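The values are calculated or read from the model by the stated rules, or taken from the named source; none is laboratory data. Quantities reported herein were computed from a predicted structural model and do not represent experimental measurements. All Cβ positions, glycine included, derive from the backbone under ideal geometry; neighbour counts span all protein chains shown.
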Ligand SMILES: CC(C)(COP(=O)(O)OP(=O)(O)OC[C@H]1O[C@@H](n2cnc3c(N)ncnc32)[C@H](O)[C@@H]1OP(=O)(O)O)[C@@H](O)C(=O)NCCC(=O)NCCS
């Protein structure tokens, strides 16, 4: 494992790198995200900054020096009846850095952070049904499948099913 990698919560100073890796992920893995390169490549810098300045959407990054090689976002639900839950979004590790344990460490950082908040009882995520690498990673990190969402994504007139996974922290 490369010991030059650091893990941290990103803020607006990471905007350029975050934008770069997020657009790279959307371009390289169009079936693995609900959003699209077409939509997000139109975002202005203000929008990217607001993403990294949102207290209810915390983005964890894996950095080699100043270069981001992996990201994942924890979205906290804020409504009275759902604020005990949070969701994982936008998980991506650059292709050249995959399979080195970076994804697992990002998820572990996110879980530990969630536990530290004391209010989060459950974390959920959705993942494309055929995305074996991500499903394996989530399972290894302690997530369990609880539902299937048929035809969740439609890309170029083809449909893709997603599965839902969760982890109870209490
Ligand atoms: C899924 C993804 C985040 C995994 O990141 P990663 O840094 O490569 O994952 P890790 O190295 O921490 O792997 C952890 C475990 O996941 C599983 N895994 C990861 N990549 C795998 C692959 N290509 N094939 C099979 N299993 C894989 C393995 O069980 C692995 O543990 P092991 O190496 O001890 O066997 C990365 O492949 C990625 O960014 N994919 C494209 C975007 C994506 O699918 N995002 C998820 C959206 S829900």
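Residues that are modelled with pLDDT of 95 or more and part of a loop (DSSP other than H, G, I, E, B) were ranked within the range 1-24; the one that is farthest from residue 114 (Cα to Cα) is 11. Scan the range 85-103 and tell me whether some residue there is modelled with pLDDT of 95 or more and farther than 21 Å from residue 22 by Cα. Taking every residue of the range 85-103 in turn, at least one turns out to be modelled with pLDDT of 95 or more and farther than 21 Å from residue 22 by Cα.
Within the range 63-90, residues that are in contact (Cβ under 8 Å) with a residue 60 or more places away in the chain reach partners that are surrounded by 18 or more Cβ atoms within 10 Å (Cβ to Cβ) and assigned to a loop (DSSP other than H, G, I, E, B) with beta carbons closer than 7 Å, at six or more positions or on different chains, in the pairs 69/94; 90/33. Considering only residues in the range 25-45 that are exposed (fewer than 15 other Cβ atoms within 10 Å of the Cβ) and closer than 28 Å to residue 117 by Cα, the one that is farthest from the ligand (Cβ to nearest atom) turns out to be 35. Can you tell me which residue is nearest to residue 73 (Cα to Cα) among those in the range 88-99 that are within 6 Å of the ligand (Cβ to nearest atom) and in contact with a strand residue (DSSP E or B) (Cβ under 8 Å, 6 or more places away or on another chain)? Looking at the filtered set, the residue picked out is 91. Can you name the residue in the range 58-86 that is under 20 Å from residue 166 (Cβ atoms) and surrounded by fewer than 17 Cβ atoms within 10 Å (Cβ to Cβ) and is also farthest from the chain's Cα centre (by Cα) among such residues? Filtering first and then ranking leaves 81. Inspect the range 65-74 for any residue being touching a strand residue (DSSP E or B) at 6+ places or on another chain (Cβ under 8 Å), part of a loop (DSSP other than H, G, I, E, B) and within 14 Å of the ligand (Cβ to nearest atom) and give the result as yes or no. No: the range 65-74 contains no residue that is touching a strand residue (DSSP E or B) at 6+ places or on another chain (Cβ under 8 Å), part of a loop (DSSP other than H, G, I, E, B) and within 14 Å of the ligand (Cβ to nearest atom).
Conditions tested, residue by residue: (1) more than 8 Å from the ligand (Cβ to nearest atom); (2) crowded, with 16+ Cβ neighbours inside 10 Å.
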{"residue": "118", "(1), (2)": "yes, no"}
{"residue": "123", "(1), (2)": "yes, yes"}
{"residue": "127", "(1), (2)": "no, yes"}
{"residue": "131", "(1), (2)": "no, yes"}
{"residue": "135", "(1), (2)": "yes, yes"}
{"residue": "146", "(1), (2)": "yes, no"}
{"residue": "149", "(1), (2)": "yes, no"}
{"residue": "159", "(1), (2)": "yes, no"}
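You will find that of 78, 59, 85, the residue that is more than 12 Å from the ligand (Cβ to nearest atom) and out of contact with any strand residue (DSSP E or B) (no Cβ under 9 Å at 6 or more places or on another chain) is 78 and no other.
Looking only at the range 30-47, count how many residues are over 13 Å from the mean Cα position of the chain (by Cα) and within 28 Å of residue 133 (Cα to Cα).
The number of residues fulfilling the criteria is 8.
Checked against (1) within 15 Å of the ligand (Cβ to nearest atom); (2) under 12 Å from residue 90 (Cβ atoms), residue 20 passes all but condition (2).
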